[in-house]
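The values are calculated or read from the model by the stated rules, or taken from the named source; none is laboratory data. This is a predicted model, so every value here is computed, not measured. Don't worry about glycine lacking a Cβ; one is built from the backbone with ideal geometry, like all the others, and counts go over all protein chains shown. Just so you know, the surface numbers come from the protein's heavy atoms only, side chains and all, with ligands and any DNA or RNA stripped out. Shrake-Rupley method; radii C 1.70, N 1.55, O 1.52, S 1.80 Å.
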Amino acid sequence: MKQTSKHILNSFATVFTVAMLFMSCGDDYRRVGEEAVKPLYPQGVAHNFTLTYTETKEAMGTQDSAHSKRIAVLSSPLSEDFDNQRFKFKTFPEGLQVEFYDDENQKSTVVADYGIQYSQTNLIDLQGNVVIETHDGKKLETDQLFFDQKNNWIFTESTFKYTNPEDGTVMDGEGMDFNKDFTFFKAHKTFGLMTIKEEE
């Protein structure tokens, strides 16, 4: 009986010592890769929303009233606001549609599968099946497109297809930049066939 008690006591002491060793060991290795990335949580989430951007011809105070002009309408099934981060941004993980209006109130549209808006740089990054259709029928299709809101300048480094029904041309290329109204654009590289409509 004494032998068994002594054996149980020794076993308990061994288990206790091993447990203390494990408890005293810290997690000192340096984390790299995905496990080093801290999760980000948005400060706000909006579902199935529509946001209308307007402007007035002159600056207004808090008590003033004036006629405003619609500039753009943004709609998306989901928006996540990360303006609580050091580098502020908003994401549109389920896609978005933007309608732009010119001075004559003519509408052009942009759609994409994903979007991210960088608040501090006023840059919008659109990704996946990006399509721009202007009020006069011009169409640009690409995988990624950037919109510089401050300078009203749009550009891509990806391959694109540009269709212009006015002159019946279809252009394929890689890399393009242009202004918001499509009145000026420059293709960096074109390839393949350019289809030109013949006069009847």
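Listed residues 150, 161; which is assigned to a loop (DSSP other than H, G, I, E, B) and of a type in the set (Lys, Arg)? Can you show your working first?
Numbers: 161 fails: assigned to a loop (DSSP other than H, G, I, E, B).
Selected residue: 150, the only one of 150, 161 that is assigned to a loop (DSSP other than H, G, I, E, B) and of a type in the set (Lys, Arg).
May I ask you to list the residues in the stretch 83-99 that are surrounded by fewer than 18 Cβ atoms within 10 Å (Cβ to Cβ) and among the hydrophobic types (A, V, I, L, M, F, W, C)?
Correct list: 87 only.
For residues in the stretch 27-57 being under 13 Å from residue 74 (Cα atoms) and of a type in the set (S, T, N, Q), which is modelled with the lowest pLDDT? Full working, then the answer.
In the first step, residues of the stretch 27-57 are kept if they are under 13 Å from residue 74 (Cα atoms); the result is 46-54.
Next, from what is left, pick out any that are of a type in the set (S, T, N, Q): 48, 50, 52, 54.
Numbers: 48: 95, 50: 93, 52: 89, 54: 84.
It comes out as 54.
For residue 78, which of the numbered conditions (1) open to solvent by 50 Å² or more (accessible area, probe 1.4 Å); (2) assigned to a strand (DSSP E or B); (3) within 26 Å of residue 44 (Cβ to Cβ); (4) not small (Gly, Ala, Ser) fails to hold?
Against the list (1) open to solvent by 50 Å² or more (accessible area, probe 1.4 Å); (2) assigned to a strand (DSSP E or B); (3) within 26 Å of residue 44 (Cβ to Cβ); (4) not small (Gly, Ala, Ser), residue 78 comes up short only on (1).
Being small (Gly, Ala, Ser), without any contact (Cβ under 8 Å) to a residue 60 or more places away in the chain and touching an Asp or Glu at 6+ places or on another chain (Cβ under 7 Å): is that true of residue 137 here? Full working, then the answer.
On the way: small (Gly, Ala, Ser): yes; without any contact (Cβ under 8 Å) to a residue 60 or more places away in the chain: yes; touching an Asp or Glu at 6+ places or on another chain (Cβ under 7 Å): no.
No; evaluated as a whole, the condition is false for this residue.
So which residues in the stretch 112-169 are β-branched (Val, Ile, Thr), in contact with a strand residue (DSSP E or B) (Cβ under 6 Å, 6 or more places away or on another chain) and open to solvent by less than 50 Å² (accessible area, probe 1.4 Å), if there are any at all? Write out each step before concluding.
So the first thing to find is which residues in the stretch 112-169 are β-branched (Val, Ile, Thr), and the list is 116, 121, 124, 130-132, 134, 142, 154, 156, 159, 163, 169.
This time we only want the ones that are in contact with a strand residue (DSSP E or B) (Cβ under 6 Å, 6 or more places away or on another chain), so: 116, 124, 130-132, 134, 142, 154, 156, 159, 163.
Selection gives 116, 124, 130, 131, 132, 134, 142, 154, 156, 163.
Would you mind stating whether residue 87 is closer than 26 Å to residue 47 by Cβ and outside any strand (DSSP E or B)?
Working: closer than 26 Å to residue 47 by Cβ: yes; outside any strand (DSSP E or B): yes.
It is true that residue 87 is closer than 26 Å to residue 47 by Cβ and outside any strand (DSSP E or B).
Pull out all pairs, ordered by first then second residue, where Cβ-Cβ is under 9 Å, the residues are six or more apart or on different chains, the first lies in the stretch 151-177 and is within 15 Å of residue 129 (Cα to Cα), and the second is surrounded by 14 or more Cβ atoms within 10 Å (Cβ to Cβ) and of a type in the set (Lys, Arg).
Listed by first residue and then by second, the contacts come to 161/139; 162/138; 162/139.
For the stretch 184-200, give me the residue count where each residue is modelled with pLDDT under 75 and farther than 17 Å from residue 158 by Cα. I'd like the intermediate steps shown before the answer.
To start, the set of residues in the stretch 184-200 that are modelled with pLDDT under 75 comprises 192-200.
If we keep only those that are farther than 17 Å from residue 158 by Cα as well, we get 193-200.
Going through the stretch 184-200 one residue at a time, the tally reaches 8.
Do you know which residues across the stretch 170-184 are part of a strand (DSSP E or B) and surrounded by 15 or more Cβ atoms within 10 Å (Cβ to Cβ)? So that I can check it myself, show each step before the final result.
Within the stretch 170-184, the subset part of a strand (DSSP E or B) is 170-179.
Residues satisfying the conditions are 170, 171, 172, 173, 174, 175, 176, 177, 178.
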